[in-house]
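Encoded as structure tokens, the structure appears first; notes follow it.
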Amino acid sequence: MTIMIVYYAITAFFGAVLFWNFVKSKDVQKAILYLVILMPFVLRVFRLK
Amino acid sequence: MYAHAGIVLGVMAGVFALARLFKITTELSMLAAAIGGAIAHGGLISPRHIADGAFTYFDVTLIFITATFFMNLLKHAGGVDYIIRGIINRFHRHRLLCLLFLTLVMLVPGALTGSGSVTVLVVGTLVGTVLTYMGISKDRVAAIIFLCAAMSAAAPPINLWAMMAAAGSNMPYVGFFLPLGVISVLGALFSMFFLGWKGTPVQLDKVMAELPEPAQGMAGWKVLLPFVVFFGLVLAGRIWPWTMPTLGLPLMFMIAAAVTVAVSPKRLPIFTVARETVQGLLPLIGVMVVVGILVQIMALSGARGLISLGVVTLPLPVIFAALWLILPFSEGLVQYAAAPLLGVPLILLFNMKGINPIIALAGMAVMFPIGDMLPPTTVVGRATTMAVGFKGSYYRGFVKRCLIPAAFILLLGTLYIIFGNELSFLVAG
Amino acid sequence: MKANREWIIKGIALAVWAGVLVSSGIAFAQHRQYKEAVVLGAGVVDVRTLGDYFEPLKGTTNDCNIYILDSGVPGGTLLIMGAVHAEEPATNLAAQLIVENASATTGRIIVAIHENRSGSTVTRPGDAYPQFFTIETDWGEKKFRMGDRWANPLDSWPDPETYVHYPSGQLLAYMDVRNMNRTWPGRPNGSLAERTSYAFMRLIEEEGVDLTIDLHEAELEYPIIGTIVAHQGALDVAAMVSMMLTAQEFTIGMEISPLALHGLSHREIGDFSDSPCILLEAPEPFLDRVRGVTDEALLLTGQDEFVMKAGEHGLLYWPIDENGWPIDIRVARHVRTIEKITELWTRFHPDEAMVVAGFPTYNEMVELGVGHFFHDPSTVSQDRVAFE
Ligand SMILES: [Zn+2]
């Protein structure tokens, strides 16, 4: 149970990093790819999938 | 059904080509192909298929990110420089021992995690640097790193392709240790010595002068400790599987990362390293997420079934003659998904034809990882060129160098399948 | 100017992305929270939950309903488990059909419709399963969740680096720690699936179950199909059932549970309790890797050109033609085989007699459709409706 919470924290941390990279990325194609990768991270953190 | 699946496949290929023509990256072109295929299948499908597909390799993505994060922290702390200096100091006079030692170092991470990418991410840069100082050209170094990483993924105890195919055909993952071990160790040694035997002796003074000085206060135990903790956790999970809490690989890497931060002689910029990690991995995890979406749409539209059917309905001699091409390319196309997609029907087919399924699956399971350098995903191949800093042409430089040892490995795998019954004695292990 | 354009594209991408996330998030949540209504048949005297047998499971996703059909006449106790793998829908439909229609006249029947309920709240990424399927009934459409072979990662995360089966020590693929037909006999501190298996073992012990039947479906490419797999403790009954059904009604094979394969119900339940276990497999072309379009129609009709083609090449272990394997036939095979098992069990073990009533016949199920046997929950008193 505790470990599961840690996993949500890890996912949220890297999700935040991905989003920050999206914001900072100058290359639009890369920015879009960041968003695509971010999808499962967000859905998992919100316990939707 | 044939026409429908065929049209969807055609549309996918067309959209992909068109997107590439408009200078869209491979990853986004594949995404466009998936969306194009979905529309060709049935107009506007529920967007949850996109999200569903994006989850296909989520576990593996997390392992990649955490493993690389750990290695990058270690690099920032100066640990990698320290290890390289140590190995060169100790082994620079004995080429044979040095290559053997490096092969072993390469095999361990992937053997334990089942992932060639983990090998490349954890030890690829390090071994690559040592090999470069042994007078081996960058393209050969990249080829060695990739092939050994592929063999480490194939090596027992964990071979994900064999495990996934075994799980899919309800066969216990038992008896694979020797069949997989023999073939993967042979393959790794052949690659290492074929490409790395010739070179120049290490010029110790010059190398030591060129190598960056490790950070002040760096010490052997500080580099070793995170690895000891990591492998200790993996081993503990094996030795006491029912008393150790289930940590999972991502958390093990995060704990190793925490240890690295704790013993580092200097303060590490954690958020910056995390950003660099994700940036460096973008092509890798980007491709995995997009391939997941593509596979989902192919399954939805029957395109996946059409491909599977095409493969398993080939006559047996043709399968023997073509598997060494089909398996790596399917791996290049859909990654681990190739194991359930082709591995399961093939293993059931072999079983039906009276070929020892364990040996046959072991043979197949070492052929898959060779495809990790092939398009469209090129996951481990690209990770390798990134890790060793190979700047030449990907296909004409790197892939070409891999061909001969790769052919050797593929030949071994094919022989395994054809002579599955004669080799049954290996299963006893 | 250039920076502006960059932000506009990023903004649009962000909006599209948010749209996809919100709509798929809603779809996932609706699927996970959807409840299937079960109308309790006259034979049901009590509905307990699995947590009653193993306290720590109370309130978790896998705290599934346990339906008790008690005749009040002393005899044997039969346990039927549906949807061990929630991607095998004929299994929970068969179990639910029994709960809604059957009763025991000697001994007891205990039914779990969704044995690994967590698995029924998620579908497999990359496999494009439909989230729901509907069955035509006499009073309208009845909607069911489609599920996955493995428990939902939302309930069981993370997986180990390798799954080491308890207590054999056999190594299995990491995700199989969420596969309930690899976690028997389970352990109290393990993964959700291991704990669920453990709870069922407690139920078997506490209720004095004499025989367990585990329902499954399989792809036609898989050698164990259209068959009965029996623990050595129920071999005589299984062999007789297979012989009689094959001679008189429909073809069904018989296999002995292998000794070296661990974690499977037909091996471990029999080895670790007093109840032998029999596993039934029905053909489900939807699960075949070579299948064509993946949709609800394939799930329900079992008709697929690609799978037929594989059959023409001799690649299948079970026949298929253009009629496919409709859900009605698959459910009917399960329900009829269960009835036959009780009959022969009673003959072989008169002191543990299980006499049942209210099972529709095979022909009734095939001709009228399984939907005919599901009752309208809005027409009965609400205390006779349970939710899965
Ligand atoms: Zn099953």
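Quick notes on this structure:
- Other-chain or far-sequence residues with amide H under 5 Å of residue C:282's (modelled H): C:216, C:217, C:218, C:226
- For the range B:70-137 and the range A:14-49, distance of Cα centres in Å: 32
- The 3J(HN,Hα) values that the Karplus relation (6.51, -1.76, 1.60; θ = phi - 60°) gives for the range B:242-248 are, in residue order, 9, 10, 5, x, 6, 8, x Hz. Gly and Pro appear as x.
- Relative contact order of chain B, pairs being alpha-carbon contacts under 8 Å that are 6 or more residues apart, as %: 26
- Given charges at Cβ of Lys, Arg, Asp, Glu: the protein assembly as shown dipole, positive-most of A:4, C:120, B:354: A:4
- Checking every one of the chymotrypsin sites (Phe, Trp or Tyr not before Pro) in the range B:192-228 against DSSP loop status and a limit of 15 other Cβ atoms within 10 Å picks out B:197.
- FRET E, pair residue A:2, residue B:275, Förster distance 25 Å, beta-carbon r, rounded to 0.05: 0.35
- For the listed peptides B:49-56, B:418-425, a ranking on the average number of other beta carbons within 10 Å per residue, highest first, reads B:49-56, B:418-425.
- Peptide B:310-317 - average C-beta neighbours from other chains (10 Å radius): 3
- Hydrodynamic radius by Kirkwood, which averages 1/r over all alpha carbon pairs of the range C:221-341, in angstrom: 15.4
- Our note on the geometry: Cα centres of the range C:211-276 and the range B:174-194, 38 Å apart.
- The mean count of C-beta atoms from other chains within 10 Å of the C-beta of residues in B:246-254, rounded to a whole number, is 6.
- Size of charge dipole - the protein assembly as shown - debye, nearest 20, with Cβ of Lys, Arg +1 and Asp, Glu -1, no other charges: 5360
- Interface burial for A against B (accessible surface, 1.4 Å probe, total of both chains, Å², rounded to 100): 2700
- Chains C and A together bury roughly 2100 Å² of accessible surface, counting both sides and using a 1.4 Å probe on protein heavy atoms.
- Per residue, the convex hull spanned by the alpha carbons of the protein assembly as shown comes to 159 Å³.
- Among the trypsin sites (Lys or Arg not before Pro) found in the range B:39-142, those both in a DSSP coil and sparsely packed, with 13 or fewer other Cβ atoms within 10 Å of their Cβ, are B:93.
- Lysine pair count for chain C [Cα-Cα under 25 Å; pairs on different chains or 8 or more apart]: 4
- Size descriptor, Kirkwood hydrodynamic radius, that averages inverse alpha-carbon separations across the range B:163-276, Å: 18.9
- Segment residue C:301-residue C:348, length gained on full extension (0.36 nm per residue, minus Cα span): 13.2 nm
- Going from the chain on its own to the full set of protein chains, the range C:306-327 has these residues losing 30 Å² or more of accessible surface (heavy atoms, 1.4 Å probe, no ligands, DNA or RNA): C:306, C:309, C:313, C:315, C:317.
- Among the listed pairs B:206/B:391; B:75/B:206; A:26/B:23; B:138/B:206; B:198/B:391; A:24/A:49, those whose Cα-Cα separation exceeds 25 Å are A:24/A:49.
- Build a GNM of chain B with springs between Cα atoms under 10 Å apart, and of B:393, B:169, B:137 the one that fluctuates most is B:393.
- Residue-normalised accessible area of the protein assembly as shown, expressed per residue, 1.4 Å probe, Å²: 35
- Spin-label pair residue A:24-residue B:422: with each label point 7 Å from Cα along the Cα-Cβ axis, the two points sit 5.9 nm from one another.
- Per-peptide packing, taken as the mean over residues of other Cβ atoms within 10 Å, places C:325-335, C:13-23 in the sequence C:325-335, C:13-23 from highest down.
- Here the extension length gained between residue C:367 and residue C:247 equals 41.1 nm, from 0.36 nm per residue of separation less the Cα-Cα distance.
- Amide hydrogen neighbours beyond the local backbone of residue C:255, cut-off 5 Å, H modeled: C:228, C:229, C:230
- Computed in the context of the full set of protein chains, the accessible area of the range C:136-290 at 1.4 Å probe radius has 51% of its extent on carbon or sulfur.
- 14 Å cut-off, amide nitrogen to a point 7 angstrom out along residue C:12 Cα→Cβ, residues in the range A:10-49: A:28-29, A:32
- Of the residues C:210, C:127, C:70, the one that moves most in a GNM of chain C with alpha-carbon contacts below 10 Å is C:127.
- Of the residues C:198, C:8, C:39, the one whose Cα sits farthest toward the positive end of the charge dipole of chain C, with +1 on the Cβ of Lys and Arg and -1 on the Cβ of Asp and Glu, is C:8.
- Among C:116, C:62, C:363, residue whose mean-square fluctuation peaks in a GNM of chain C (springs only between Cα atoms under 10 Å): C:363
- In a DSSP loop and with at most 11 other Cβ atoms within 10 Å, the trypsin sites (Lys or Arg not before Pro) in the range B:262-339 are B:267.
- Shielding value for B:275-286 is 4, the average number of Cβ atoms from other chains within 10 Å of each residue's Cβ.
- The distance between label points at residue B:231 and residue B:170 comes to 4.0 nm (points 7 Å beyond Cα on the Cα→Cβ vector).
- Each part gets one Cα centre, and for the range C:300-377 versus the range B:1-58 those centres are 38 Å apart.
- Helix B:95-113 and the longest principal axis of the C-alpha atoms of chain B enclose an angle of approximately 50°.
- Helix-only [θ]222 nm of chain B, DSSP H runs n ≥ 4, -39500 (n - 2.57) each, per residue, nearest 500: -23000 deg cm²/dmol
- Here the contact order of the range C:112-262, divided by its residue count and restricted to Cα pairs under 8 Å and six or more residues apart, works out to 13 percent.
- The Cα atoms of the range C:293-333 cover 27, 24, 13 Å along the three principal axes, with the biggest extent listed first.
- Stokes-Einstein diffusion for chain B, with the hydrodynamic radius set to the Kirkwood value over Cα pairs and evaluated at 25 °C in a medium of 0.890 mPa s, equals 109 µm²/s.
- Percent accessible area from carbon and sulfur atoms, chain B, protein chains only, probe 1.4 Å: 71
- Remark: relative contact order (the range B:326-408) = 34 percent; criterion is Cα-Cα distance under 8 angstrom and separation of 6 or more residues.
- Over all projection directions, the Cα-based convex hull of the range C:34-387 averages an area of 16.5 nm².
- Long-range amide H partners of residue C:80 with built H, under 5 Å: C:110, C:111, C:112, C:213
- Charge tally for residue B:196 (other residues, Cβ to Cβ under 9 Å; Lys, Arg +1; Asp, Glu -1): +3.
- In this Cβ point-charge picture (+1 for Lys and Arg, -1 for Asp and Glu), the range C:34-387 has a dipole of about 520 debye about its Cα centre.
The values are calculated or read from the model by the stated rules, or taken from the named source; none is laboratory data. Computed from a prediction, not measured in an experiment: that's the story for all the values here. Note: ideal-geometry Cβ built from the backbone for every residue, glycine included; neighbour counts use all protein chains shown. What goes into the accessible areas is simple: the full protein's heavy atoms, side chains included, and nothing from ligands, DNA or RNA. Shrake-Rupley method; radii C 1.70, N 1.55, O 1.52, S 1.80 Å.
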